[in-house]
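Below is one structure, written out as structure tokens; comments come after it.
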Amino acid sequence: MKILLVIGAGSFIGGVLRYLLTLYIQTRSVVPFPFGTLGVNIIGCFFMGVVFALIAKGNMPGEWRPFLATGILGGFTTFSAFSLESVYMLQTEQYGQAILYILASVLLGLLATFTGMWLIRMV
């Protein structure tokens, strides 16, 4: 139960940070492009790399992983988890699986979004 509270607290922090940073970036954009979301995703991926590199080097206790990676960064952007999993497959030379995962995530994600929107419009 404690781990769920730790992850939940991190998710709250990450979600609030995502909202504030996206708003900050987007309000400064002069063109209609989702720079806020793009910025959050790239920043989240960077920090996911930092967290896992520090854990791998032994410079961060493993119990910080659920709070930082699943909680804060998961609340900040799930794209960072997708990126980490893709990088892991590429590093372990699982190229076919990596390509399949990347393509499936993007294409099926878009298809699912369109389908959800279509279903609601039909009701």
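The values are calculated or read from the model by the stated rules, or taken from the named source; none is laboratory data. Computed from a prediction, not measured in an experiment: that's the story for all the values here. All Cβ positions, even for glycine, are placed from backbone atoms using ideal geometry, and neighbour counts span all protein chains on display. Note: accessible area is taken over every heavy atom of the protein model, side chains too, but ligands, DNA and RNA are not part of it. Shrake-Rupley method; radii C 1.70, N 1.55, O 1.52, S 1.80 Å.
When you go through Gly39, Gly10, Gly14 one by one, which is the residue that is of a type in the set (Gly, Ala, Ser), in a helix (DSSP H, G or I) and touching a Pro at 6+ places or on another chain (Cβ under 9 Å)? Talk me through it step by step, then tell me what you get.
On the way: Gly39 fails: touching a Pro at 6+ places or on another chain (Cβ under 9 Å); Gly14 fails: touching a Pro at 6+ places or on another chain (Cβ under 9 Å).
It is Gly10.
So, in segment 79-89, of the ones that are without any contact (Cβ under 8 Å) to a residue 24 or more places away in the chain and open to solvent by less than 60 Å² (accessible area, probe 1.4 Å), which residue ends up nearest to the chain's Cα centre (by Cα)?
Top of the filtered list is Phe82.
Can you say whether Thr92 is more than 28 Å from Phe12 (Cα to Cα) and either open to solvent by less than 90 Å² (accessible area, probe 1.4 Å) or in contact with a Phe, Trp or Tyr (Cβ under 9 Å, 6 or more places away or on another chain) (or both), as far as the supplied structure shows? Explain how you work it out, then say what you get.
Values: more than 28 Å from Phe12 (Cα to Cα): yes; either open to solvent by less than 90 Å² (accessible area, probe 1.4 Å) or in contact with a Phe, Trp or Tyr (Cβ under 9 Å, 6 or more places away or on another chain) (or both): yes.
So Thr92 fits the description; yes.
Look through Leu5, Leu21, Leu17 and report the one residue that is over 13 Å from Gly74 (Cβ atoms) and in contact with a helix residue (DSSP H, G or I) (Cβ under 9 Å, 6 or more places away or on another chain).
Details: Leu5 fails: in contact with a helix residue (DSSP H, G or I) (Cβ under 9 Å, 6 or more places away or on another chain); Leu17 fails: over 13 Å from Gly74 (Cβ atoms).
Going through Leu5, Leu21, Leu17 in turn, the sole match is Leu21.
If we scan segment 60-78, do we find a residue that is closer than 19 Å to Gln91 by Cβ and without any contact (Cβ under 8 Å) to a residue 12 or more places away in the chain?
No, the conditions are met nowhere in segment 60-78.
Considering only residues of segment 3-54 that are β-branched (Val, Ile, Thr) and within 17 Å of Ser83 (Cα to Cα), which is surrounded by the most Cβ atoms within 10 Å (Cβ to Cβ)?
In the first step, residues of segment 3-54 are kept if they are β-branched (Val, Ile, Thr); the result is 3, 6-7, 13, 16, 22, 25, 27, 30-31, 37, 40, 42-43, 50-51.
Narrowing further to those that are within 17 Å of Ser83 (Cα to Cα): 37, 40, 42-43, 50-51.
Numbers: Thr37: 16, Val40: 24, Ile42: 14, Ile43: 18, Val50: 13, Val51: 20.
It comes out as Val40.
Could you grab me the full set of residues in segment 100-123 that are β-branched (Val, Ile, Thr) and either exposed (fewer than 10 other Cβ atoms within 10 Å of the Cβ) or within 18 Å of the chain's Cα centre (by Cα) (or both)?
So in segment 100-123, the residues β-branched (Val, Ile, Thr) come out as 102, 106, 113, 115, 120, 123.
Ile102, Val106, Thr113, Ile120, Val123, listed by residue number.
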